[in-house]
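Written out below as structure tokens is the structure these notes cover.
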Amino acid sequence: MKRVRPLIFAAVSIAVFLSITVPKPLLAQVVPNQPAGVDDQQLRNFAKVYVQVEKIRETYEPRAKAAAGPDEGKQIQQEAQSKFKEALTKEGLSEESFTQIFDIARADEGVRKKVLQMISEERSKS
């Protein structure tokens with residue numbers, strides 16, 4: 001459980017930083033013990049994007065905090081959001097599917113373990 005908290009914290013902070021909104025109906029669809037409905041390739045793509053988003057956050061968060069004013073901060077945030085969307089597109093995911101996989105991993109321990117393993121593998125490739 002201790003390994004899950006950093007994953008959730010990082011994803012939440014990334015989502016907040018990039019201003020990703022999660023539609024409430026999407027959250028309502030995730031029910032524990034429900035078949036996940038995602039295959040290993042989608043999970044692998046999620047892991048790749050997740051690691052890329054960590055790098056984006058590491059790059060853009062300090063710049064956003066050091067921004068000279070709100071306009072510069074907004075521009076930096078838009079650049080980060082654009083990089084996030086590029087990462088999603090590269091891996092064949094949408095913001096909605098990324099969020100859905102995150103929610104499934106949060107609700108399903110088996111999927112969560114698999115995703116954490118894949119994220120670890122992707123980090124070691126970087």
* To do: Can you give me the number of residues within segment 34-49 that are surrounded by fewer than 19 Cβ atoms within 10 Å (Cβ to Cβ) and not in a helix (DSSP H, G or I)?
  => 5
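What's the total number of residues in segment 86-126 that are outside any helix (DSSP H, G or I) and either of a type outside the set (A, V, I, L, M, F, W, C) or touching a Cys at 6+ places or on another chain (Cβ under 7 Å) (or both)? Let's see the steps before the verdict.
At the first step, the residues of segment 86-126 found to be outside any helix (DSSP H, G or I) are 91-94, 108, 126.
Now narrow it down to the ones that are either of a type outside the set (A, V, I, L, M, F, W, C) or touching a Cys at 6+ places or on another chain (Cβ under 7 Å) (or both): 91-92, 94, 108, 126.
Total meeting the criteria: 5.
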* Asked: Restricting segment 50-100 to residues that are of a type in the set (Lys, Arg) and under 23 Å from Gln117 (Cβ atoms), which is surrounded by the most Cβ atoms within 10 Å (Cβ to Cβ)?
  -> Arg57
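Within segment 106-116, identify whether any single residue is of a type in the set (A, V, I, L, M, F, W, C) and in contact with a Pro (Cβ under 9 Å, 6 or more places away or on another chain), and answer yes or no.
Residues of segment 106-116 of a type in the set (A, V, I, L, M, F, W, C): 107, 111, 115-116.
With the extra rule that they be in contact with a Pro (Cβ under 9 Å, 6 or more places away or on another chain), the set shrinks to 107.
Yes.
One line per residue, one yes/no per condition, for (1) at pLDDT 95 or above; (2) acidic (Asp, Glu):
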position	(1), (2)
Gln52	yes, no
Ala66	no, no
Pro70	no, no
Glu79	yes, yes
Ser82	yes, no
Thr89	yes, no
Leu93	yes, no
Arg112	yes, no
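The values are calculated or read from the model by the stated rules, or taken from the named source; none is laboratory data. Owing to the predicted nature of the structure, the values given are computational and were not obtained by experimental measurement. Using ideal geometry, Cβ is built from the backbone for each residue, glycine included, and neighbour counts are taken over all protein chains shown.
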